[in-house]
Structure formats: structure tokens, C-alpha cells
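Here's the structure we're looking at; comments come further down.
Quick note: the coordinates plus some simple rules give every number you see, no bench work behind them. Because the structure is predicted, anything quoted here is derived from the model rather than measured. Counting neighbours? That spans all protein chains shown, and the Cβs are built from the backbone with ideal geometry, glycine included.
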Amino acid sequence: MGLTLTEKILNAHIVDGKAEKGSEIGIRIDQTLTQDATGTMAYLEFEAMGIPRVRTEKSVAYIDHNTLQSGFENADDHRFIGSIAKKHGIYFSRPGNGICHQVHLERFGVPGKTLIGSDSHTPTGGGLGMIAIGAGGLDVAVAMGGGAYYITYPKIVKVNLSGSLSSWCSAKDVILEVLKRLSVKGGVGKVIEYCGEGVKTLSVPERATITNMGAELGATTSIFPSDEITKEFLKAQKREEVWTALSADADAVYDEVVEINLSDIEPAAACPHSPDNIKSVNEIGEMKIDQVCIGSCTNSSLLDMLKVAHILKGKTVHPDVSLSIAPGSKQVLNMLAQCGALSDLIDAGARILESACGPCIGMGQSPNSKGISLRTFNRNFEGRSGTKDGQIYLVSPEVAAVSALTGVLTDPRTLGEMPKFELPEEFIINDNMVVTPATPDEADSVEILRGPNIKPFPKTSPLDESIECKCSLKVGDNITTDHIMPAGAKILPLRSNIPAISQYCFTVCDEEFPKRAEALGKSVIVGGVNYGQGSSREHAALAPLHLGVKAVLVKSFARIHRSNLINAGILPLTFANEADYDRISEGDDLAFENLKERIVKGEDVVLKNKTTGEEIICKCELTDGTKAIILAGGLLSYTKENI
Ligand code: MIC
Ligand code: SF4
């Protein structure tokens, strides 16, 4: 029986466990990436492990999220990450060099390799034929130290692409179609593998748009084959030597098959407030808009930017619309400047932003009250833009640019022929914003530069024998990490300071939560399905840890957040019977008796609701590895004990 591409790469990297669907495997990690908003914690954790030099083939630290620098905090973090990278053998991509996923695709990704990154959109690398997975900072720290990364051997979904995209239809519309069919929780425990004749019609940046936003499916990752088109892309990047041909065997067996005819794809939008709330642009109609933002790790490649420049050339942005554009990397921005397309964007009235995440994570450009904003980004969770009642629609660069001119949501197909242009055969290669690490001999003399905002990792303790505490918060379904630990210009600068950032934990849902949880000393949070969807930020586990949260009891978890809870030593519990969700209220007194004994024996956990007198059965499905981490009080304590 033949193998899928995912199986081929995973099986070649297994260092622990067996290649059996649903069982836990440890894989060797070839490359890691971090970004600054999760990076400081990841490097503090790496430092705490006491390993002098990274043991990966390539590790890169990017500065792209916190580039607003509205105080000393971010600049201090940048210096800290730069110095620690230099000392420990990590390449350092300086602020201004671009968004981690875009730069990694251009300059570092290698087909067939494994990559984990402390950012949920790391699967962008799947566009190059990598197994690229988003993870918590602590997992990335362990991988940098040469440790395996543990995942459940995934189910593999084949998305069979046929046909080719019609004029004005985009790779973004393809992933929106996949989200429409599978939903934000449809990918949990799965890898989405793209195959079929249609693959040959998509360039690497288009493939990367699709794998990038596969994160919104909750999938472990997404992947495309590595073919002649991949080779061309790498050749343009002067990295042809890293190319290898990779694809699934013709008789590979998949767990599920989804058929998509690219010729049927239409311009679409993800409507507020979820990336799977998909409608066609026609269905929504000519809605008046206030803002358009083009960029982010989903749609900021040279291809995307050139499309936009050709649409805007010689025209003016509608008087009622603010248009901002952030090219994804220095390479993209520089090439736009060199070919004159940047001038077309400026001339049309676009507000050019630096090559960074920017508005995607609420770092500026928040829309006006109730403002309707079209964005080429990947997430439209409520409040993420920085405007609580902002209405964010996720669209393709084509829809965004055309609508910026008309002032209303516009189906670009009404504009006749799409402007034609060719991508250059060679890209501008200048890695002068990537700092090479010190040699092992020089490393001792590199000083680590720490600012006053950088506080140590919160204290964890081994699992208690029994826990008695209150339910400090009860929330509903699809809670995102943007609810648990909001980002944005005000809060993001506190990423290196857990005590300070904790004061914003869950404030989107309940302003009083941090104070209440702290006053209780210890507590449990109760939630619904797909709890913790979205980002990889381990702050969504570290802040509750700091506030004394001992366990989170929900109907189901999103993958990365569940791992982050385990890594922080917080018990992830699910209801054996989902209807029991209704049998706990906020403020109830709860007791987990003989908790440790039950966890050790792998038994269900019994929760006594002392307020109602009822008993609730909770599942805690831990593997041997994750059980050991929970018992030790988190991955850092576990790793220290076991190194
Ligand atoms: C996001 O898009 O939500 C982020 C900001 O990139 C996060 C990481 C973070 O919170 O620092 C992610 O996707 O993991
Ligand atoms: Fe940055 Fe947005 Fe991409 Fe997250 S989703 S990495 S904030 S551009």
C-alpha cells in the first residue's frame, strides 16, 4: 500500500512511538522559528534548560509582531531576543525584515523537512512541501534543545484539486471554500494534504496562502507536494539546491477525500466573527465599507502585492475608505520599489505600513466604531482588530483592492479582464537583515541584554493529590485565545511580563475575572466546544497559571492550546457527558478527590459539585508522555528533571 506525502515525511522523522493513526509520536524537528510576541518566553524557557547551542539544522528568531514600540518594552524584547539568538546559534531576522512565515518561505524553508514555530500560522511552510506545525513556545524551546516534538499521529485528508482558477478568483477563495466545508473545528487531529491536477496551476505563494489559513481549520498542518513549481520558486530565491521532488504515492490511502474543482471557485468572504462564516461576495452584495487592509502572513507575497498594484494603478482609493498595505517582507517591498509598483500603490492613496503583522494583531489601524473592514488576513475574531464592534470580513487581495476603489464590497469579475503581469524570474536576494549567530568559540563573550519588563517564567508545582476550589469563570463554545489572552497595541507589549499581562486575561468576556481568580487563589474554568482555538500563544495558559487556575473543564479543546495547558501544568479535562456542562455554574464549589491517584492510574476524574451535590465524570486523556508532564507540574519542570 502506498503512502501519503504526510506519512512519508512523518515516518522519516519518528524518534518515539509508532506510525499508527491516533497514537502519540515524537518527531525529530529540523527547523524552528519564533516570533517576538511568543519568542521572549520561548527563549527564557530555552535558557532555563541550560543547553548552550541549538541542536536543530536551522533555528530562526523573527521580530515582526511587536514593532509598534510605543514604549521601551518591545525594543527591550528585540534586544533580548537578538542577544540570546547570537549566543545560542539562532539566526536573527531583524525588525523590518518581514513577517516570519513569509520570510521563512522565501529564505529558509526546505521541502521534506520538519519545522515547528511558536506561531499558529507556521503551516505556511506546507506550501513548500514541509511538515510545518504551530506549537507553544515551550515545545519550540525543547525542539531547539534537540528534544522531540510530540503529536498524535494524524488522520490525513486528501483535498483533490481539479480544474484551474477563473480570472479574479484567488487562492484565498480556495481556502475559504475549504473552511466553509470543514468549519473551524473540522481539521482537529488531521493533516490536510492537497493533491490532483489542480495543484500544478498554483504557485508556491498561492499554495502558502492555502496552507497558512489551514490553521483556521484547527488542523495539525496542511501540505502541498514539492514539484517543478516549487523548484522554480526556490530557483528564483537562489536556493534551488535545497529542492527535492516529493509527492504522495499514486495508491496512497486517505482517511477522507474532499473534491474541489478550482474552476467552480468564486470570490468569497469570511463574515464576522469567524473564519468559517463564509458567503460569496455576490451573496453579501454591495455593502458600504470603511476600511481595507492588505497584507498579513496569508496574503503579502510579491504576487499578491503586484496584483493589487495593477488594480490600483492610475486610480484613487474611494474617499470614504482608508486603505493600508503591508508588504510581507523586505524582499517584497524592495521588489515593489524596484519595479515601480510601490509608486502605483502610493499614488492611488494607499497608506504603506512596515513589513510586519501590524493591523492583523490589532497593532494599529483599528477600524472606526462599527466600521466595516475588508482584510486579506486570516482571523476575524470579535475585538481582535482593536475595535470591539468592528465588522471584519476576510477576503482575497483582488476583492480587497477592487472594493477599496469602489467603496463597496465588489465582485471583481464585474470589472472585465484581470490585469496581466509576469512574476520576475529572479528575486532580489539580500539577507543583510538576518544576523548570523556567534561561533561556539565566540558565544561565551556574548552578553544577554535584559530589559526591566522581562520577568521570569511563572512558578509551577507538581500536581496536587486533591483539589478543592471554585469555578471562577464559565464561558461558551469556540472561545479563542484572543478571548483568553487578548493582544493589540495596549496589551502586546506585556508579553514578557506574565504578572502584568495576566491582568487582562479573559477581560474581553469578563472584566472582573483577573481580580476574582487572584482573590480565590485557585480555581477551575469551565467552557464549551473548541476551547482555545486560534493562536499558539502560551500566554493563554501562563496567565491563567499565574492567576491560580488549576484545571480547565470543557466540551472539547483546540490542539495547540491543550498542549500549552499541559506544558503549563494545568489539567485539561473534558466532560464525559457534554450535557453536564449545564450542571456547573460560575461560583460553584468544586472538589476533585484523589485526583493524582486517578490521573496516575489513567482513570476518569470525578468532580463533586459541592454546591449542587452532584457528581460529574471528567475525562483526562493523557499519553504516558503528557501524564509525566502534568505530574511534574509542566514541561519546564519535567525537562529540568529529565535532562
Ligand atoms: C495570531 O495570529 O494570533 C498570532 C499573534 O500570530 C499568534 C501568536 C501570538 O499570539 O503571539 C498565533 O497565531 O499563534
Ligand atoms: Fe502575524 Fe497576523 Fe500572521 Fe499572526 S496571523 S503571524 S499576527 S500576520
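Of the residues examined, THR410 is not one that is over 25 Å from the mean Cα position of the chain (by Cα) and surrounded by fewer than 15 Cβ atoms within 10 Å (Cβ to Cβ). All conditions in (1) under 27 Å from the mean Cα position of the chain (by Cα); (2) in contact (Cβ under 8 Å) with a residue 60 or more places away in the chain; (3) over 21 Å from SER535 (Cβ atoms) hold for VAL317, with the sole exception of (1). Taking the criterion of being closer than 18 Å to ARG207 by Cβ and surrounded by fewer than 24 Cβ atoms within 10 Å (Cβ to Cβ), the only residue of segment 87-107 that qualifies is ARG107.
Against the numbered list (1) within 30 Å of CYS509 (Cβ to Cβ); (2) within 15 Å of ligand 2 (Cβ to nearest atom); (3) buried (at least 24 other Cβ atoms within 10 Å of the Cβ); (4) of a type outside the set (A, V, I, L, M, F, W, C), ASN380 comes up short only at (3). Scanning segment 480-503 for residues that are touching a strand residue (DSSP E or B) at 6+ places or on another chain (Cβ under 6 Å) and more than 14 Å from ligand 1 (Cβ to nearest atom) yields a count of 0. Could you tell me whether THR122 is under 27 Å from ALA356 (Cβ atoms), of a type in the set (Ser, Thr, Tyr) and either surrounded by fewer than 24 Cβ atoms within 10 Å (Cβ to Cβ) or touching a strand residue (DSSP E or B) at 6+ places or on another chain (Cβ under 7 Å) (or both)? For THR122, the condition - under 27 Å from ALA356 (Cβ atoms), of a type in the set (Ser, Thr, Tyr) and either surrounded by fewer than 24 Cβ atoms within 10 Å (Cβ to Cβ) or touching a strand residue (DSSP E or B) at 6+ places or on another chain (Cβ under 7 Å) (or both) - is met. Of the helices (runs of 4 or more DSSP H) lying entirely inside segment 35-118, those carrying at least 3 residues that are touching a Lys or Arg at 6+ places or on another chain (Cβ under 9 Å) and either at negative phi or away from ligand 1 (no atom under 16 Å from the Cβ) (or both) are 36-49, 72-88. Looking only at residues of segment 1-35 that are surrounded by 17 or more Cβ atoms within 10 Å (Cβ to Cβ) and over 25 Å from the mean Cα position of the chain (by Cα), we find that the one that is farthest from ILE63 (Cα to Cα) is LEU3.
Would you mind stating whether GLY295 is within 16 Å of ligand 1 (Cβ to nearest atom), under 15 Å from SER373 (Cβ atoms) and crowded, with 20+ Cβ neighbours inside 10 Å? Considered against the rule, which asks whether it is within 16 Å of ligand 1 (Cβ to nearest atom), under 15 Å from SER373 (Cβ atoms) and crowded, with 20+ Cβ neighbours inside 10 Å, GLY295 comes out as yes.
Is it the case that segment 493-510 has a residue that's within 16 Å of ligand 2 (Cβ to nearest atom), touching a helix residue (DSSP H, G or I) at 6+ places or on another chain (Cβ under 8 Å), over 25 Å from LYS470 (Cβ atoms) and outside any strand (DSSP E or B)?
Pass one, segment 493-510, residues within 16 Å of ligand 2 (Cβ to nearest atom): 493, 495.
Then keep just the ones that are touching a helix residue (DSSP H, G or I) at 6+ places or on another chain (Cβ under 8 Å); that gives 493, 495.
Within this subset, residues satisfying the condition of being over 25 Å from LYS470 (Cβ atoms) are 493, 495.
Those still in the list that are outside any strand (DSSP E or B) too: 493, 495.
Checking segment 493-510: at least one residue is within 16 Å of ligand 2 (Cβ to nearest atom), touching a helix residue (DSSP H, G or I) at 6+ places or on another chain (Cβ under 8 Å), over 25 Å from LYS470 (Cβ atoms) and outside any strand (DSSP E or B).
Working carefully through the options VAL475, VAL529, VAL552, find the one that is closer than 23 Å to GLU216 by Cβ, in contact with a His (Cβ under 8 Å, 6 or more places away or on another chain) and away from ligand 2 (no atom under 16 Å from the Cβ).
VAL475
Condition check ((1) of a type in the set (Lys, Arg); (2) on the phi < 0 side of the Ramachandran plot; (3) crowded, with 24+ Cβ neighbours inside 10 Å) across all residues:
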{"residue": "PRO514", "(1), (2), (3)": "no, yes, no"}
{"residue": "GLY521", "(1), (2), (3)": "no, no, no"}
{"residue": "GLY534", "(1), (2), (3)": "no, no, yes"}
{"residue": "VAL552", "(1), (2), (3)": "no, yes, yes"}
